[in-house]
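*Asks:* To start, I am sharing the structure in question, which I have written as C-alpha cells.
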Amino acid sequence: MIRVSVQPGPIDLATELAGVEAKGAGAVASFTGMVRGDDGVTELCLEHYPGMTEAALIALAEEALNRWNLIAVTMVHRVGPMMPGERIVFIGTAAGHRREALDACAYLIDRLKTDAPFWKRERRGGDAAWVDARESDKAAAERWG
C-alpha cells in the first residue's frame, strides 16, 4: 500500500502513523522533518508542480517497495508558507522486520531531498531568497546507488 499527499495544511502524526501501521507488520519506521529557524529564518515557503510532485513521490515509494519487503509506505509533504518548528514532511514505512522498515525510511528521505520537484524559498525578516540544493543532500542520495 502506498499513500502520498502533498498538502498545504499541517501534518497530523497520529493519523499518519495509524495509517502506515499495516496488518502483518512487525515494524514501523518513521521520519518527521521540521522547519528549522537556522540563521534567522522566519518563514520557509515550498512551491511544487502539482501532479508532477505526487508522481515523483509515488515513483520513490514504488522503488522502496521493490527494494525492500515493505507492507506500506506513507509520504506526506507540505507546501506553501511554514514557520520554524512546523512539520514539513512525514515518511512512514511498515515491514515484517525493523531493518527493512528503517532502511526504506532512510532511503526515502534521502532520495526525496534530491528527486522530488520542490522549490524552497527562505525568508529572513524582509528578505527572501531561493535555496539551492546542498551537496550533503546529494551525497546522502548517492549512497543508495
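The values are calculated or read from the model by the stated rules, or taken from the named source; none is laboratory data. Fair warning: this is a prediction, and the values are worked out from it, not measured in the lab. Positions of Cβ are generated from backbone atoms using ideal geometry, with glycine treated the same way; all protein chains shown enter the neighbour counts. Accessible surface areas use protein heavy atoms only, side chains included; no ligands, DNA or RNA. Shrake-Rupley method; radii C 1.70, N 1.55, O 1.52, S 1.80 Å.
*Asks:* Has the range 74-84 got at least one residue that is crowded, with 20+ Cβ neighbours inside 10 Å and among the polar types (S, T, N, Q)?
*Replies:* yes
*Asks:* Separate question: Only one residue in VAL73, VAL41, VAL131, VAL79 is touching a Ser or Thr at 6+ places or on another chain (Cβ under 6 Å) and of a type outside the set (Phe, Trp, Tyr), so which one is that?
*Replies:* Unique residue meeting the criteria: VAL73.
Listed here are the residues, each with its yes/no results for (1) open to solvent by less than 50 Å² (accessible area, probe 1.4 Å); (2) part of a loop (DSSP other than H, G, I, E, B); (3) among the aliphatic types (A, V, I, L, M).
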residue: LEU17; (1), (2), (3): no, no, yes
residue: ASP39; (1), (2), (3): no, no, no
residue: LEU44; (1), (2), (3): yes, no, yes
residue: ILE58; (1), (2), (3): no, no, yes
residue: TYR107; (1), (2), (3): yes, no, no
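*Asks:* A follow-up question, please. Provide a single number: the residues in the range 86-99 that are outside any strand (DSSP E or B) and either open to solvent by less than 20 Å² (accessible area, probe 1.4 Å) or at pLDDT 95 or above (or both).
*Replies:* Within the range 86-99, residues that are outside any strand (DSSP E or B) and either open to solvent by less than 20 Å² (accessible area, probe 1.4 Å) or at pLDDT 95 or above (or both) number 2.
*Asks:* Just to be sure before I move on: is GLU100 out of contact with any Ser or Thr (no Cβ under 7 Å at 6 or more places or on another chain), of a type in the set (D, E, K, R) and closer than 28 Å to GLU21 by Cβ in the structure I sent?
*Replies:* Spelling it out, GLU100 is indeed out of contact with any Ser or Thr (no Cβ under 7 Å at 6 or more places or on another chain), of a type in the set (D, E, K, R) and closer than 28 Å to GLU21 by Cβ.
*Asks:* Are any residues in the range 68-85 outside any strand (DSSP E or B) and over 18 Å from ALA22 (Cα atoms), and if so, which ones?
*Replies:* VAL79, MET83, PRO84, GLY85
*Asks:* Determine whether LEU46 is in contact with a strand residue (DSSP E or B) (Cβ under 6 Å, 6 or more places away or on another chain), at pLDDT 90 or above and under 20 Å from GLY85 (Cα atoms).
*Replies:* Numbers: in contact with a strand residue (DSSP E or B) (Cβ under 6 Å, 6 or more places away or on another chain): yes; at pLDDT 90 or above: yes; under 20 Å from GLY85 (Cα atoms): yes.
Judged against the criteria, LEU46 is a match.
*Asks:* While we're here: One residue is enough: does the range 121-133 have a residue meeting the conditions free of Cβ contacts under 8 Å to residues at least 24 places away in the same chain, assigned to a loop (DSSP other than H, G, I, E, B) and either among the hydrophobic types (A, V, I, L, M, F, W, C) or under 16 Å from VAL6 (Cα atoms) (or both)?
*Replies:* Taking every residue of the range 121-133 in turn, at least one turns out to be free of Cβ contacts under 8 Å to residues at least 24 places away in the same chain, assigned to a loop (DSSP other than H, G, I, E, B) and either among the hydrophobic types (A, V, I, L, M, F, W, C) or under 16 Å from VAL6 (Cα atoms) (or both).
*Asks:* Being among the hydrophobic types (A, V, I, L, M, F, W, C), under 22 Å from ARG3 (Cα atoms) and either part of a strand (DSSP E or B) or within 11 Å of the chain's Cα centre (by Cα) (or both): is that true of LEU112 here? Before you say what the answer is, go through the steps one by one.
*Replies:* Working: among the hydrophobic types (A, V, I, L, M, F, W, C): yes; under 22 Å from ARG3 (Cα atoms): yes; either part of a strand (DSSP E or B) or within 11 Å of the chain's Cα centre (by Cα) (or both): yes.
Yes; evaluated as a whole, the condition is true for this residue.
*Asks:* Is it true that ALA25 is of a type outside the set (Ser, Thr, Tyr), under 27 Å from ARG98 (Cα atoms) and in a helix (DSSP H, G or I)? Spell out the reasoning first.
*Replies:* Numbers: of a type outside the set (Ser, Thr, Tyr): yes; under 27 Å from ARG98 (Cα atoms): yes; in a helix (DSSP H, G or I): no.
No; evaluated as a whole, the condition is false for this residue.
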